[in-house]
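Inspection log for the structure reproduced underneath, given as structure tokens.
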Amino acid sequence: MATDKTQYVRGEIVKLKVTNNLDTPIWYIGYSQRDLVFWELERAQSEGWQSMDFRLPAIEGDREACRIILYEQPVGVVTELKPHSDLLYEWNQKICPFKTVTEPFGPETIERGKYRFAFRYSLVTVKSEDVEAEPWKRPIDLGETKVVYSNEFVLE
């Protein structure tokens, strides 16, 4: 998992690439909603890395807007990344921080600092049990997960 550069100026596109170098598929949670993504973002703090909580902007017509949408579980589906293939993502540094609002609001450019991406995946999938009694469960879910981190990068 790597970004195309280690330093970005404000508003520059950050290109993320996840490569499966294995001879077997890996599995991750993918989303059809534009404001949810397969990666997490962590920021360097004095006491270590801290996970960031936000959503990405949704596209409304020809502009980006923030809507805090609370989805019912399950959100996302188990998605395959085939052996020796790549997963690409381009991010414009815009985020929708969590806050109490009654109207859509404009996205914000993320604060300057040092960051890294995190990607949670599994080598196996498992069939969920008792889905009828617990409908929030995914019918198929990730088995034991691992986390891989990108290189560190700076947003200036």
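The values are calculated or read from the model by the stated rules, or taken from the named source; none is laboratory data. All figures in this text were calculated on a predicted structure; none of them were measured in a lab. Neighbour counts are summed over all protein chains in view; Cβ atoms, including those assigned to glycine, are modelled from backbone coordinates with ideal geometry. Only protein heavy atoms, including side chains, enter the accessible area calculation; ligands, DNA and RNA are left aside. Shrake-Rupley method; radii C 1.70, N 1.55, O 1.52, S 1.80 Å.
With 20 Å as the limit, write out which pairs from 82/137; 99/146; 82/146; 94/146; 5/94; 5/99 have Cα-Cα distances beyond it, or answer none.
Checking Cα-Cα distances, 82/137; 99/146; 94/146; 5/99 exceed 20 Å.
Give the residues of the stretch 114-156 whose amide nitrogen is closer than 13 Å to a point set 7 Å from the Cα of residue 36 in the direction of its Cβ.
Answer for this model: 136-139.
At 1.4 Å probe size, with the rest of the protein present, what percent of the exposed accessible area of the chain is carbon and sulfur atoms?
49 percent
With label points built 7 Å along Cα→Cβ from the Cα atoms of residue 23 and residue 140, find their separation and express it in nm.
Calculated label separation equals 2.3 nm.
Considering only protein heavy atoms, what per residue accessible area in square angstrom results for the stretch 1-153 with a 1.4 angstrom probe?
Ligands and nucleic acids excluded, the result is 61 Å² per residue.
Once phi is turned into ³J(HN,Hα) by the Karplus curve 6.51 cos²θ - 1.76 cosθ + 1.60 with θ = phi - 60°, what whole-Hz value does each residue of the stretch 143-151 show in order, with x for glycine and proline?
x, 4, 9, 10, 10, 10, 10, 7, 4
Name the residues of the stretch 81-122 whose amide N is less than 13 Å from a point 7 angstrom out from the Cα of residue 10 along the C-beta direction?
Answer for this model: 108-113.
Per residue and in Å³, how big is the convex hull formed by the alpha-carbon atoms of the chain?
On the way: hull volume 22.9 nm³, N = 156.
Convex hull of Cα atoms, per residue: 147 Å³.
Show me 111-121, 1-11, 45-55 ranked by packing, highest mean number of other Cβ atoms within 10 Å first.
111-121, 1-11, 45-55
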